[in-house]
């Protein structure tokens, strides 16, 4: 059985499964995140937010967040639901190309065209329907002589 997920308006750059196995997220150079339920005959949800193309995305290990890395120099954290709430922070001085989230859900590592790798803390608190995310910078690795291709 094959399923087609259509909705992006430009090149799809990254995909990731929610750890619960019920959702798939995709991102594109069209600057949007799309969230797909894997049940048959369900539509995808399109979330604009970045000002430029998205290169990379990653579900957190618990599936409570999706992080996206963009050519607009930012990382955006999304709550993977129909409302698609998000917050962003400027992570680098150039395009953010890659990211990963630590297994304890506490840190995001980002790699950029500015030749650096950075680590940031994520604090997540939930109160009923409110989600609050804050980020705290940890450290930067600036010794690369070319843009970072993976982290």
Is it the case that residue 118 is crowded, with 18+ Cβ neighbours inside 10 Å and at pLDDT below 95?
yes
Condition first: under 12 Å from the mean Cα position of the chain (by Cα) and either outside any strand (DSSP E or B) or over 21 Å from residue 115 (Cβ atoms) (or both). Now tell me which residues in segment 72-82 satisfy that.
76, 77, 78, 79, 80
Hits in segment 90-106 (condition: crowded, with 16+ Cβ neighbours inside 10 Å and in a strand (DSSP E or B))
96, 97, 98, 99, 100, 101
What number of residues in segment 66-94 are closer than 20 Å to residue 34 by Cα and modelled with pLDDT of 90 or more?
13
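The values are calculated or read from the model by the stated rules, or taken from the named source; none is laboratory data. Only a predicted model underlies this, so the values are computations on that prediction, with no experimental measurement involved. For neighbour counting, all protein chains shown are included, and Cβ atoms are generated from backbone atoms with ideal geometry for every residue, glycine included.
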